[in-house]
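J.: Shown below is the structure under consideration.
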């Protein structure tokens, strides 16, 4: 599960780290344009190149002491597109709708990460949906699942990998 979220988590972290430090009890919103690529070599028996393109709106929440306790990121405004390419085939996921909420420990490390919405849906011609992650999943700072609802691949990527021929 960790390696699947890692590329998107890195993209989301880049978007949230662009926000400026805020004064006490405030919200700081930033819109970041994402155009990033990551290769996952552990999902299939071959490397799959993921490309993330779109806008992410992130809001950092600070308490009265100036501590950043939460960040909410959304794949908005506009479409957020993810492509997966391997062996000469590209699968495209259009208009991803997702919200990610990250809460932080006092030392600034990630306490929990909650993903909600449709954050992985790849289809292949003649095969239909080959990867679907939707609903809600909550993980701790080490990517251990604390709660999950909705359909999730949960490590079974055979159909997704087979779509690349």
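Coordinate-derived values only; no laboratory data. All figures in this text were calculated on a predicted structure; none of them were measured in a lab. All Cβ positions, glycine included, derive from the backbone under ideal geometry; neighbour counts span all protein chains shown.
J.: If you wrap the stretch 93-165's Cα atoms in a convex hull and average its projection over all directions, what's the area in nm²? Walk me through the numbers before you get to the answer.
T.: Values: hull surface 22.6 nm².
Mean projected area of the Cα convex hull: 5.6 nm².
J.: Here is a follow-up. Quick one: which of 135-147, 45-57 comes out on top by average Cβ neighbours within 10 Å, and what's the full order, highest first?
T.: 45-57, 135-147
J.: Another question, if that's okay. Can you sort 29, 113 so the residue with the fewest Cβ neighbours within 10 Å comes first?
T.: Values: 29 10, 113 20.
With the sparsest Cβ surroundings first, the list reads 29, 113.
J.: Label residue 114 and residue 97 with points 7 Å out from Cα along Cα→Cβ: what is the distance between them in nm?
T.: Here the answer is 1.9 nm between the modelled labels.
J.: Something else now. How would you rank 105-111, 150-156, highest first, on the average number of other Cβ atoms within 10 Å across their residues?
T.: 150-156, 105-111
J.: Given a Förster radius of 41 Å and the C-beta distance between residue 35 and residue 107 as r, what FRET efficiency does 1/(1 + (r/R0)^6) yield to the nearest 0.05?
T.: It comes to 0.85.
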